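*Asks:* Supplied in C-alpha cells, the structure appears directly below.
The values are calculated or read from the model by the stated rules, or taken from the named source; none is laboratory data. Just so it is clear, the structure is predicted and the values come from calculations on it, not from any experiment. Note that we place each Cβ from the backbone using ideal geometry, even for glycine, and neighbour counts take in every protein chain shown. Surface areas here come from the heavy atoms of the whole protein model, side chains and all, with no ligands, DNA or RNA. Shrake-Rupley method; radii C 1.70, N 1.55, O 1.52, S 1.80 Å.
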Amino acid sequence: MSATVLTASALLLDMDGTLVNSDAVVERCWRRWALKHGLDPEAALKVVHGRQGYATMAVLLPDRPVEENYADNRVLLAEETADVDGVVPVGGAPAFMAAIAGLPHALVTSADSALATARMTAAALPMPAARVTAEQVGASKPDPEGFLKGAAELGFGPADCIVFEDSEAGIAAGRAAGMRVVGVGPRAAALSPDAHVEDLTQIRVETAEDGTIRLHISAA
C-alpha cells in the first residue's frame, strides 16, 4: 500500500461530509425545500453541499430577492439543527480528532454555531476550540474568507495550512485561500485535491520534534 506524506503547521477542518456524515438530514430538508419551490430535488442536491443555504438558493433561484433567501435560510437552519436523526461520524473521525487534539486546528464550516454544535454533539466528536462558523464570515464558500480567518486565528499563513474538505465549493475555497487540500469522501474524488481519502481511517497523524504535523495518507 503506497502512502503520501503531507506536512503542515495547522489543519483546517470542514464539518459536514468531512468529520460528520449528515447527508440524511441535508437531503431530507433540501428535498422538502426544493419541492416547495417547484424544483427538481435531485438537481438541487447536486449544489447544496459546502455552501451556506442562502448561497445555494441563489444558485437555484437566481432571480429571487436575496432577502427571501436569507429568510428561508434561517428556517432551514432551524430545521436542520433540530433534526440529528442519522448524523454519525465519518469513518475514522473519532480517532483522527483524538490524534490532533493537542495540535493547531480549527473547524471551518458553512453551518452556524448552533448547527455545528448539534451535529458535532450528535456524532460524539469534540468541538475544536478554534472555529469559524457562518456567523463570522460575509461570504460563503467557495469564497476563501472562512479558511483565511481560520488560519489567522491559529496564527499561521495559508501555505502552512492543510484543508480537509468533501465538497466542490469547499475545495475551491481552500485552493482560493492558497492552501493544500485533502479531499474526503466520494464527492471529493473527482475534484483533484492534493490527496484524496475515502474516509479518515486512511490518515495517520505524526508530530515532528519541531511541532510540524505529518499526515501519512494511505492509498485507498
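*Asks:* Which one of the conditions (1) touching a Pro at 6+ places or on another chain (Cβ under 7 Å); (2) closer than 19 Å to ARG51 by Cα; (3) part of a loop (DSSP other than H, G, I, E, B) does LEU125 fail to meet, given that it meets all the rest?
*Replies:* With (1) touching a Pro at 6+ places or on another chain (Cβ under 7 Å); (2) closer than 19 Å to ARG51 by Cα; (3) part of a loop (DSSP other than H, G, I, E, B) applied to LEU125, the lone miss is (2).
*Asks:* Among the listed residues GLY138, GLY185, GLY86, which satisfies the condition of being crowded, with 18+ Cβ neighbours inside 10 Å and small (Gly, Ala, Ser)?
*Replies:* Sole residue among the options that is crowded, with 18+ Cβ neighbours inside 10 Å and small (Gly, Ala, Ser): GLY185.
*Asks:* May I ask you to say which residue of ALA122, ALA93, ALA111, ALA55 is out of contact with any Ser or Thr (no Cβ under 7 Å at 6 or more places or on another chain), buried (at least 16 other Cβ atoms within 10 Å of the Cβ), within 23 Å of GLY174 (Cβ to Cβ) and touching a residue at least 24 places away in the same chain (Cβ under 8 Å)? Can you show your working first?
*Replies:* Values: ALA122 fails: within 23 Å of GLY174 (Cβ to Cβ); ALA111 fails: out of contact with any Ser or Thr (no Cβ under 7 Å at 6 or more places or on another chain); ALA55 fails: out of contact with any Ser or Thr (no Cβ under 7 Å at 6 or more places or on another chain).
None of the other options fit; the residue is ALA93.
*Asks:* If you don't mind, there's one more thing I want to ask. Can you tell me which of PHE156, PHE147 is more than 16 Å from ILE100 (Cα to Cα) and open to solvent by 30 Å² or more (accessible area, probe 1.4 Å)?
*Replies:* One residue alone meets the criteria, PHE156.
*Asks:* When you scan the range 62-71, do you find a residue that is in a loop (DSSP other than H, G, I, E, B) and open to solvent by 70 Å² or more (accessible area, probe 1.4 Å), even just one?
*Replies:* Scanning the range 62-71 turns up at least one residue that is in a loop (DSSP other than H, G, I, E, B) and open to solvent by 70 Å² or more (accessible area, probe 1.4 Å).
*Asks:* Still on this model: Please give the number of the condition THR117 fails out of (1) free of Cβ contacts under 8 Å to residues at least 12 places away in the same chain; (2) among the β-branched types (Val, Ile, Thr); (3) in contact with a helix residue (DSSP H, G or I) (Cβ under 7 Å, 6 or more places away or on another chain).
*Replies:* So THR117 meets the others, but not (3).
*Asks:* Okay, next question. Of the residues LEU103, LEU115, which single one is closer than 16 Å to GLU27 by Cα and not basic (Lys, Arg)?
*Replies:* LEU115
*Asks:* Additional query: Could you count how many residues in the range 36-52 are exposed (fewer than 13 other Cβ atoms within 10 Å of the Cβ) and assigned to a helix (DSSP H, G or I)?
*Replies:* Summing the residues that are exposed (fewer than 13 other Cβ atoms within 10 Å of the Cβ) and assigned to a helix (DSSP H, G or I) in the range 36-52 gives 3.
*Asks:* Has the range 193-203 got any residue that is within 17 Å of GLY50 (Cβ to Cβ), open to solvent by 10 Å² or more (accessible area, probe 1.4 Å) and within 15 Å of the chain's Cα centre (by Cα)?
*Replies:* Within the range 193-203 (the criterion being within 17 Å of GLY50 (Cβ to Cβ), open to solvent by 10 Å² or more (accessible area, probe 1.4 Å) and within 15 Å of the chain's Cα centre (by Cα)), the answer is yes, since at least one residue qualifies.
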